[in-house]
Amino acid sequence: MAQGGTTGGVRKSLYQFSYRRSPEQDGAPARHPVVVVGAGPVGLACAIDLARRGVPVVVLDDADRIGEGSRGICYAKRTLEILDRLGLGEACRDQGVTWKLGRVFQGHGEVYNFDLLPESGHKMPAFVNLQQYYLEHHLVTRAQALADGGGAGIELRWRNRVTGIAQESAGVTLTIETPEGSYGLQADWVVAADGARSACRDLMGLAFEGEVFEERFLIADVKMKGEFPAERWFWFDPPFHEGRSALLHKQPDDVWRIDLGLGAQADAREEQKPERVIPRIRQMLGHENFSLEWVSVYTFQCRRLARFVHDRVVFAGDAAHQVSPFGARGANSGIQDAENLAWKLAAVIRGEADTRLIASYDHERIAAADENIGHSTRSTDFIAPRTPQETRFRDAALALAARADFARRMVNSGRLSAPTTYHDSPLSTPDDAQWAGVAELGAPAPDAPMHRPDGSPCWLLEALDGACTLLHMPGDGALLPDHPQARMLVIGRDLIDAEGVFARRYDATPGATWLIRPDQHLAARWRSATGDAVERAIARVFGRGQGVPAVGADRA
């Protein structure tokens with residue numbers, strides 16, 4: 001393994017791509033509907049989603065490879081459902097390590113354990129662990145398949161670095177640096193998904209707001225044959241390490257992720273040296289039958305941009321917000337950014353909505369970022385308390401948690417990623433009745449096992465795909481008329497709820513109707529819908545309802 005990176009460490013690169021000259025470099029005039037900057041998980045997910053919706057995309061990346069270390073590994077159920085809609089969820093699930101159980105230890109003893117998905121009836125598991133370079137490879141493969149499939153596709157341009165951004169009234173001109181010189185690239189919209197060190201953010205003079213943490217953590221991927229189960233194990237005050245915390249996760253290929261708290265005073269360069277890392281790992285595992293795959297030392301920030309939408313440039317993922325790794329909220333929230341943005345851009349580009357719809361991305365995903373930053377900050381304060389009072393609270397909560405359920409809710413070893421419910425979204429129609437079940441207005445639609453009319457099994461989310469959909473449970477009245485922007489699926493006709501799971505999760509009663517957005521979030525529901533009510537709700541979904549802000553409007 002080679003040593004590399006700004007502070008040293010074992011690094012692994014699996015996939016490299018060729019630079020190709022683009023038509024604009026030879027003077028060919030072109031204006032692209034969308035240019036995505038950054039070929040990481042967020043940028044590629046956004047590009048694939050747009051291409052599936054009929055919008056051609058150019059993706060720029062300043063590198064020519066993926067696979068610089070494992071980096072992110074934990075992908076949550078909602079993210080897997082999004083990837084499944086994009087055509088690669090099953091491949092990621094099947095290659096990865098599926099898990100749902102977590103255990104929390106203090107010292108030598110287990111404090112408690114938890115199950116993240118105790119019920120059956122879901123296509124995707126609670127979590128899958130998969131090295132980020134494998135996820136990115138699946139995404140690139142899917143993008144290339146769309147590029148080769150005809151129609152609206154994706155053009156991947158490697159070693160194309162953005163060095164200038166100039167906004168106009170109805171578009172953006174980018175200056176791109178390549179191995180063969182620079183060229184100009186015009187786009188109606190730019191998605192800046194170029195990561196924590198975003199060149200787009202710097203070029204536009206935008207700064208993060210929030211908190212920077214000084215605590216340092218050692219992260220190592222270790223290849224070994226281990227007897228540990230596929231669970232998340234987290235230690236407070238681990239007996240094998242002088243730091244405050246330790247974390248163990250299983251990955252494919254007999255690789256294990258180990259995360260050790262080092263304290264704020266640790267020297268990052270020294271701690272990554274094999275002579276420092278190997279004894280720590282040996283002490284934790286109790287043997288030395290392992291090899292290092294990747295090593296890094298990290299600090300982190302809990303910060304975001306004041307706004308994500310800046311006229312025709314929209315920020316997503318780490319370019320827009322940053323959180324700690326505790327709880328796996330970085331890549332998961334970034335991919336959910338991409339899901340929220342792609343259908344809205346496609347609707348605007350296709351003329352189904354005006355640009356006001358893009359402002360709802362700002363509204364909804366800033367709320368999601370604030371939720372994730374709040375969870376992330378509280379996790380950090382609990383895992384690495386900074387005052388004697390915080391330490392006493394942490395120790396008291398851990399002591400109680402071993403025997404009292406209420407105290408377990410106080411223990412914070414990293415609240416694991418969950419999708420944001422858009423409680424105050426301008427695109428939602430408020431409920432006019434009481435609802436039970438787990439389906440929640442503004443939240444992603446819960447999956448359920450269904451059958452097609454021919455008796456073959458399917459899943460609800462597969463049937464929804466990425467279309468704006470009305471789900472209807474027949475009652476005494478006539479069916480609602482078709483709508484040009486929302487297809488109708490009738491329970492009992494188009495989808496059969498043979499096991500009754502849909503009825504329980506959605507509190508389905510005869511005559512009920514649900515409106516599902518293109519990103520599969522529940523936008524409205526009625527016990528007995530009228531055509532006018534449905535028309536108004538669909539108008540809200542596409543940004544034509546009251547209360548939808550204009551692009552660039554500040555969030556209160």
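Yes/no per residue for (1) over 21 Å from K77 (Cα atoms); (2) in the same structural domain as V309 (by TED's automatic domain parsing):
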{"position": "L341", "(1), (2)": "no, yes"}
{"position": "G351", "(1), (2)": "yes, yes"}
{"position": "D381", "(1), (2)": "yes, no"}
{"position": "F393", "(1), (2)": "yes, no"}
{"position": "A397", "(1), (2)": "yes, no"}
{"position": "F406", "(1), (2)": "yes, no"}
* Selection count, segment 354-374, where residues are crowded, with 22+ Cβ neighbours inside 10 Å and at pLDDT below 95 -> 2
* To do: Mind listing whichever residues of segment 21-76 are among the acidic types (D, E) and within 17 Å of V140 (Cα to Cα)?
  => D49, D61, D62, D64, E68
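Suppose we keep only residues that are among the basic types (K, R) and closer than 29 Å to P419 by Cβ within segment 375-398. Which one would you say is modelled with the highest pLDDT?
R394
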* To do: Mind listing whichever residues of segment 500-530 are touching a His at 6+ places or on another chain (Cβ under 9 Å) and either modelled with pLDDT under 95 or part of a loop (DSSP other than H, G, I, E, B) (or both)?
  => G511, A512, A529
* Has segment 221-229 got any residue that is free of Cβ contacts under 8 Å to residues at least 60 places away in the same chain, over 22 Å from Q132 (Cα atoms) and small (G, A, S)? -> no
* Structure fact -> Residue hits (segment 201-223; part of a strand (DSSP E or B) and among the charged types (D, E, K, R)) are E209, E211, E214, E215, R216, D221, K223
* To do: Take segment 28-62 and flag every residue that is closer than 26 Å to V222 by Cα and either outside any helix (DSSP H, G or I) or not assigned by TED's automatic domain parsing to the domain that holds F326 (or both).
  => G40
* To do: State all residues of segment 180-200 that are crowded, with 22+ Cβ neighbours inside 10 Å and over 26 Å from D26 (Cβ atoms); if no residue qualifies, say none.
  => A192, A193, S198
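Yes or no, residue by residue, for (1) surrounded by fewer than 20 Cβ atoms within 10 Å (Cβ to Cβ); (2) in contact (Cβ under 8 Å) with a residue 40 or more places away in the chain; (3) more than 14 Å from F105 (Cα to Cα):
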{"position": "F240", "(1), (2), (3)": "yes, yes, no"}
{"position": "R257", "(1), (2), (3)": "no, yes, yes"}
{"position": "R282", "(1), (2), (3)": "yes, no, yes"}
{"position": "E288", "(1), (2), (3)": "yes, no, yes"}
{"position": "S291", "(1), (2), (3)": "yes, yes, yes"}
* **Residues of segment 269-324 satisfying the condition of being in a strand (DSSP E or B) and of a type in the set (D, E, K, R)** => E293, R303, R304
* Of all residues in segment 450-499, count the ones that are over 15 Å from P518 (Cβ atoms), in a loop (DSSP other than H, G, I, E, B) and among the hydrophobic types (A, V, I, L, M, F, W, C). => 5
* To do: Could you list, in sequence order, all residues of segment 115-155 that are closer than 22 Å to Q95 by Cβ, out of contact with any helix residue (DSSP H, G or I) (no Cβ under 6 Å at 6 or more places or on another chain), part of a strand (DSSP E or B) and of a type outside the set (F, W, Y)?
  => N129
* Structure fact -> Checking A443, A439, A401 in turn, the sole residue that is crowded, with 17+ Cβ neighbours inside 10 Å, at pLDDT below 95 and not polar (S, T, N, Q) turns out to be A401
* Structure fact -> Exactly one of D84, D94, D61 is under 30 Å from V297 (Cβ atoms) and modelled with pLDDT of 95 or more, and that one is D61
* Would you mind telling me which numbered condition in (1) within 16 Å of the chain's Cα centre (by Cα); (2) surrounded by fewer than 24 Cβ atoms within 10 Å (Cβ to Cβ) K273 fails? => (1)
* Among the residues of segment 299-321, is any free of Cβ contacts under 8 Å to residues at least 60 places away in the same chain, of a type outside the set (K, R), under 29 Å from A399 (Cβ atoms) and surrounded by 21 or more Cβ atoms within 10 Å (Cβ to Cβ)? -> no
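Restrict the check to segment 510-522 and report whether at least one residue is touching a Phe, Trp or Tyr at 6+ places or on another chain (Cβ under 9 Å) and of a type in the set (S, T, N, Q).
Residues of segment 510-522 touching a Phe, Trp or Tyr at 6+ places or on another chain (Cβ under 9 Å): 511-515, 517-519, 521-522.
Going one step further and asking which of them are of a type in the set (S, T, N, Q), we end up with 513.
Checking segment 510-522: at least one residue is touching a Phe, Trp or Tyr at 6+ places or on another chain (Cβ under 9 Å) and of a type in the set (S, T, N, Q).
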* Asked: Mind checking whether some residue in segment 124-135 is polar (S, T, N, Q), at pLDDT below 95 and surrounded by 15 or more Cβ atoms within 10 Å (Cβ to Cβ)?
  -> yes
* Of all residues in segment 239-261, count the ones that are touching a Gly at 6+ places or on another chain (Cβ under 7 Å) and over 27 Å from V128 (Cα atoms). => 2
* Consider A346 carefully, then state whether it is under 17 Å from V36 (Cβ atoms), small (G, A, S) and over 15 Å from the mean Cα position of the chain (by Cα). => yes
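Considering segment 412-449 alone, what residues qualify as being of a type in the set (A, V, I, L, M), closer than 30 Å to A384 by Cβ and touching a Phe, Trp or Tyr at 6+ places or on another chain (Cβ under 9 Å)?
Passing the criteria: only L416.
The values are calculated or read from the model by the stated rules, or taken from the named source; none is laboratory data. This structure is a prediction, so every number in the text was calculated from the model and none was measured. A quick note on method: Cβ atoms are made from the backbone with ideal geometry, for glycine too, and the neighbour counts reach across all protein chains shown.
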